[in-house]
Amino acid sequence: FKGNRPTIFSPLDGQVCADHDRSSGEGIQPQEYTLIKMRVLEPAPEKLAPFVAEGKAVYLVAATLRPETMYGQTNCFVLPTGKYGAFEMKGGDIFVCSDRSARNMSFQNMTAVDKEVKKLCTVTGQELLGCPLKAPNARYERVYLLPLLTISMGKGTGVVTSVPSDAPDDYAALRDLKNKPLLRERFGITEEMVLPYEVVEIIDIPGYGSRSAEKVCKDLGIKSQNDKDKLAEAKDLVYTKGFYEGRMLVGSQTGQKVCDAK
């Protein structure tokens, strides 16, 4: 799944463009993501419930650059004001994601009819909040859809899976929901959707340990998910070092460097 569609496809026919054919962005290569299929469990959101009741497989699909970290998932995020769609894919599965990403998938042999999307309904992020999900490789049997206010609907799928052990943004957002009852109340999030979910240690990074996001947030004095500049600095500090020097603590690649495990 390649997420930056304008730099991959012609807007007219969806064909892959040679680099020198682009009107802008020459030299920029396609960014390849892995889609994480997080299956909707019951009780499903109102607009998705009929599909689940029919026995169809309905997934929130998150786009990630770090599939090897999925062992650490504690929840999933959507943008409350974001507009999402439920799209029927090849084989009958239903993907919930942004319109833009669904169109992108239609050019990558993922829909029943090439270059066409079949949209079953429109749903807002607010309507999805609190939805229980089955996340692949996660330690928890079910995780929940929670609000994240910094999601860009023009990047990835508009759905963000959360790994607070190693992603400072995820750690800060989950901590906010744990520590601020009024924030939970604002979005209709209950305690059971947040409080039982603790950081899952999946990678050991020299100098940062196995809870790198927590450590760097404390070191930089990050108070909330609104500390955008500090969070950007935190991400820069741990991501590269974690990828090249960190070692996996879980999964089939336990003991391997993250860059090799991926």
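The values are calculated or read from the model by the stated rules, or taken from the named source; none is laboratory data. Just so it is clear, the model here is predicted, and its values are computed rather than measured. Cβ coordinates were reconstructed from backbone atoms using ideal geometry, including for glycine residues, and neighbour counts include every protein chain displayed. Side chains are part of the model used for accessible areas, which takes the heavy atoms of the whole protein and leaves out ligands, DNA and RNA. Shrake-Rupley method; radii C 1.70, N 1.55, O 1.52, S 1.80 Å.
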Of the residues in the range 170-197, those that are within 18 Å of the chain's Cα centre (by Cα), basic (Lys, Arg) and closer than 17 Å to Glu127 by Cβ number 0
Within the group Leu182, Leu133, which residue is crowded, with 16+ Cβ neighbours inside 10 Å, at pLDDT 95 or above, out of contact with any Asp or Glu (no Cβ under 9 Å at 6 or more places or on another chain) and not small (Gly, Ala, Ser)? Leu133
Quick one: is Leu237 of a type outside the set (Gly, Ala, Ser), more than 18 Å from Asn137 (Cα to Cα) and in contact with a helix residue (DSSP H, G or I) (Cβ under 9 Å, 6 or more places away or on another chain)? yes
Which of the residues spanning the range 43-61 are touching a helix residue (DSSP H, G or I) at 6+ places or on another chain (Cβ under 9 Å) and either open to solvent by less than 10 Å² (accessible area, probe 1.4 Å) or not in a loop (DSSP other than H, G, I, E, B) (or both)? Leu48, Val58, Leu60, Val61
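Any chance you could count how many residues in the range 154-169 are open to solvent by 50 Å² or more (accessible area, probe 1.4 Å) and part of a loop (DSSP other than H, G, I, E, B)?
Let us first name the residues in the range 154-169 that are open to solvent by 50 Å² or more (accessible area, probe 1.4 Å), namely 155, 169.
If we keep only those that are part of a loop (DSSP other than H, G, I, E, B) as well, we get 155.
Residues meeting the conditions: 1.
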If a residue has to be among the small types (Gly, Ala, Ser) and modelled with pLDDT of 95 or more to count, how many in the range 243-262 make the cut? 2
Considering residues of the range 78-94 that are surrounded by 24 or more Cβ atoms within 10 Å (Cβ to Cβ) and in contact (Cβ under 8 Å) with a residue 40 or more places away in the chain only, the residue nearest to Thr161 (Cα to Cα): Val78
What's the total number of residues in the range 189-246 that are among the small types (Gly, Ala, Ser) and under 13 Å from Pro168 (Cβ atoms)? 7
